[in-house]
Amino acid sequence: MTVMDELQRMLVSEREAVRASLPSTGPELVARVRRSARRRRQVRALATGAAAVLAIGAIGVGAYGLTTTNRAEPALPNLSSSPESSVPYNPSPEPSISPSPMTPTEPSADPRFDDSPDGIADDAYPALAADRGAIVPGDADREATMYPRAHVMEDWVWEAVGEGWALDVVSVTWNIGHFENPLPPAVLYLVSPEDVHFELRELPERMWASPRVTSWREQQGTASMWWRNVDGDEHTGRGAVVDLRTGDVDDLVMAVYGETAHDYSFVMSNAAGDELWRAESDAGFKYYRWRDGADDDGWVATALVDQEPTADDFVEDPKFVGFTTTADGNRVLLQRAVDSAAGEASRDGKSFLVYDLDADHISETVVRELGRDASVYSAAFEGADTVMVGIGYREETGKRGFQARITLGGSGALSRVDDDEPWAGHPADAARYDLYFGKPAPQGANGEACGC
């Protein structure tokens, strides 16, 4: 018998032994293979993300798009070139099963992982973190509001993180009642699809007033955050990038017309990882856009800076500062300053500007039925091309306000609606601002109440 014959005999014998040890092919085996494939794909994706964690500069670093420039959908690691697997990446929820013979692959031998919604075995969770008690003490009129019971965060948990996981900040909204009463600590948590909390870190004290996560840069292992700065007389906004593993916080620093910005406002972030922020200095304001690879640190001035430098927040309600955006975090409604040359030119109609984040593009709709004396005190998108608005007038005009639906594009069509008609997508409908893996920031995450 030749060496090749002996080798062939050994391989055939091994194959038959393995085949005999497996259950018959059927729903149980297929489900097992599917779950195993899903776990391996998720672990590899997170391992790729972990390898991409970089040192953070003063204003953040890139995320997303490490393997592709297609920003229409969230970029994911390209597993087809991975040395660990020759199986192309399949983005469908249920990977297809090849009819060809398969070499059995042992599922992860790590007993910490299973097929539960969060992928972690019930007996594998890390120890519970210290009980923080109440964030808002109770009294005779109300029950106490408690910090969640959370587990200690351990690095291996990141291997399970994917769709359905969220980042959440437990904090209080700042108001004048905190002049005498100190703010309680703000704590950043990772939350599983089973609502299991893992304590990432207590935020620095300067971030305790009204903080929220504004973008999860998943492949970088970082998140951007906004909070209200309450030091001094001016209660301005601040921003930073937080390393989710180390807890390092790097504050946002931008130059605006030669001066360092002192006030930062988060506008929106989309599912592709792009972000829009407004920065204001003593010399004026600019809208900056963050996009992976757009520049050395990802930040570039938007088309608004050159084309519409006076364009700003559309709603004129002084009690609430919140940009009007679409649910996908990709479109914002703006208007020109009324005392600009462009504003004077639009005397025969009110101009509605729309900025699209993914394309860095501005479009205009002029509503002829509304004059310059009309003020918009509230607005909300219904889809991408329709907005509901509340129109008001100064008392001396003698005009009565009303609600209307406006179609964007060209010369916009206006139709009045009943005052009691519900508004779809209004930021007030968003009760929580948890930011989910691969998702845009929720509407209302850019809201800044006056604090009075």
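The values are calculated or read from the model by the stated rules, or taken from the named source; none is laboratory data. Computed from a predicted model, the values in this text were never measured in an experiment. Neighbour counts are summed over all protein chains in view; Cβ atoms, including those assigned to glycine, are modelled from backbone coordinates with ideal geometry. Side chains are part of the model used for accessible areas, which takes the heavy atoms of the whole protein and leaves out ligands, DNA and RNA. Shrake-Rupley method; radii C 1.70, N 1.55, O 1.52, S 1.80 Å.
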Quiz item: Does the stretch 181-200 hold any residues that are hydroxyl-bearing (S, T, Y) and either out of contact with any Gly (no Cβ under 9 Å at 6 or more places or on another chain) or over 19 Å from S215 (Cα atoms) (or both), and which are they?
Solution: Y189
Exercise. Take the stretch 291-311 and flag every residue that is open to solvent by 40 Å² or more (accessible area, probe 1.4 Å), part of a loop (DSSP other than H, G, I, E, B) and more than 15 Å from A279 (Cα to Cα).
Key: R291, G293, A294, D295, D296, D297
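Please go through the stretch 355-366 and give me each residue that is surrounded by fewer than 22 Cβ atoms within 10 Å (Cβ to Cβ) and not small (G, A, S), ordered by number.
Of everything in the stretch 355-366, those that are surrounded by fewer than 22 Cβ atoms within 10 Å (Cβ to Cβ) and not small (G, A, S) turn out to be D356, D358, D360, H361, I362, E364, T365, V366.
Looking only at the stretch 374-418, which residues are among the β-branched types (V, I, T) and in a strand (DSSP E or B)?
Result: V376, T386, V387, V389, I391, I406, T407, V417.
Somewhere in the stretch 108-118, is a residue at pLDDT below 95 and within 24 Å of the chain's Cα centre (by Cα)?
Kept after step one, since they are at pLDDT below 95, are these residues of the stretch 108-118: 108-118.
Still in the list and also within 24 Å of the chain's Cα centre (by Cα): 117-118.
Yes; the residues of the stretch 108-118 include at least one that is at pLDDT below 95 and within 24 Å of the chain's Cα centre (by Cα).
Could you tell me which residue of the stretch 134-157 is farthest from V196 (Cα to Cα), considering only residues that are open to solvent by 20 Å² or more (accessible area, probe 1.4 Å) and outside any loop (DSSP other than H, G, I, E, B)?
Filtering the stretch 134-157 for residues that are open to solvent by 20 Å² or more (accessible area, probe 1.4 Å) and outside any loop (DSSP other than H, G, I, E, B), the one farthest from V196 (Cα to Cα) comes out as V136.
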Quiz item: Quick check: is even one residue across the stretch 343-365 over 21 Å from N446 (Cβ atoms) and modelled with pLDDT of 90 or more?
Solution: yes
Quiz prompt | Selected residue (criterion: surrounded by the most Cβ atoms within 10 Å (Cβ to Cβ)) from residues of the stretch 410-422 that are modelled with pLDDT of 80 or more and closer than 16 Å to A384 by Cβ | solution = G412
